1. Please enumerate the residues belonging to region 116-139 that are surrounded by fewer than 17 Cβ atoms within 10 Å (Cβ to Cβ), touching a helix residue (DSSP H, G or I) at 6+ places or on another chain (Cβ under 9 Å) and in a loop (DSSP other than H, G, I, E, B).
2. Need the failing condition index for residue 138 against (1) over 21 Å from residue 30 (Cα atoms); (2) modelled with pLDDT under 95, just the number.
3. Please state which one of 58, 21, 5 is touching a strand residue (DSSP E or B) at 6+ places or on another chain (Cβ under 8 Å) and without any contact (Cβ under 8 Å) to a residue 40 or more places away in the chain.
4. Return the residues of region 82-109 that are touching a residue at least 60 places away in the same chain (Cβ under 8 Å), touching a helix residue (DSSP H, G or I) at 6+ places or on another chain (Cβ under 9 Å) and over 30 Å from residue 203 (Cβ atoms); say none if nothing qualifies.
5. Among all residue pairs at least 6 apart or on different chains, which show Cβ distances below 9 Å where the first residue, located in region 196-221, is at positive phi and the second is assigned to a helix (DSSP H, G or I)?
6. Taking the stated definitions as given, is residue 189 more than 26 Å from residue 120 (Cβ to Cβ), touching a helix residue (DSSP H, G or I) at 6+ places or on another chain (Cβ under 9 Å) and in a loop (DSSP other than H, G, I, E, B)?
7. Of all residues in region 60-115, which are at positive phi and assigned to a strand (DSSP E or B)?
8. Using the structure shown, decide if residue 165 is part of a loop (DSSP other than H, G, I, E, B), at pLDDT below 95 and within 30 Å of residue 30 (Cβ to Cβ).
C-alpha cells in the first residue's frame, strides 16, 4: 500500500494538498481553483486505488477563503464525472477568519477496500511525467483516470501505483523493480501523478496496449 493509512474495518485514508497554486495574486502558479482541487483529488483517488479501495467520503481543508469553496467542490465533482462515477459526499472546513496571501487546500478521502486479485501480472508505466504548466499544455500525455478505472473494474489491471514528485525510478525502487523505461526520463517529477505504474494481468497485455494507447510502456525489471 502506498501513501495510505489503513483504518479499522478495512477503511483507507488518503490525502493530497496544494499551496501557492491558485487564483490569488501572490500564488506561484496562477490557475483556476477548480483545476487545483481536481488534481489534488486525482492524487488522493489514485492512492485509494493503490490500496485497492474506493472512496466513501471526501474532506476538503480550504485555506483560500469562502469564495474558493464552491470551485474546489466543483473540481472534485468533475474528477468523478470523468470516470463516470457519482461523487461521494463532500464535507470540510474553510479558514475565513484570516485571509491568506496564497492559496492552500487539502483533499482527504476515506474509502473502503473493494478490489482483490491473485492473478499474475506485469508492471507497466502509463502516462508521461509532467510538471507545472506541462500538466495542462501536454494533457494528452497524462494518464487517463477513466481508462485506469475501466481497467480496474474489468480485471485488466490488478495493481495501481501512482508516481509523484520523486519520479518513476524512485517508485519502482519502492516496489523492488529496476525501473528502466526505454526513452523516458525516470528521474523527472510526475507532478500530480501524471504517470502511474500499473500491474497488468499477464495474459491480457495485448488488450492493455490497445486500451491504454501510446503512452503505455513496459518497465524493465
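1. 119, 120
2. (1)
3. 5
4. Across region 82-109, the qualifying residues are 103, 105, 106, 107, 108, 109.
5. That search, which allows pairs on different chains as well, returns 213/147.
6. yes
7. Of everything in region 60-115, just one residue is at positive phi and assigned to a strand (DSSP E or B), namely 92.
8. When the stated conditions are applied, residue 165 passes them.
The values are calculated or read from the model by the stated rules, or taken from the named source; none is laboratory data. Treat the numbers as computed from the prediction; the structure is a model and nothing was measured. Quick reminder, even Gly has a Cβ in these numbers, built from the backbone with ideal geometry, and neighbours come from all protein chains shown.
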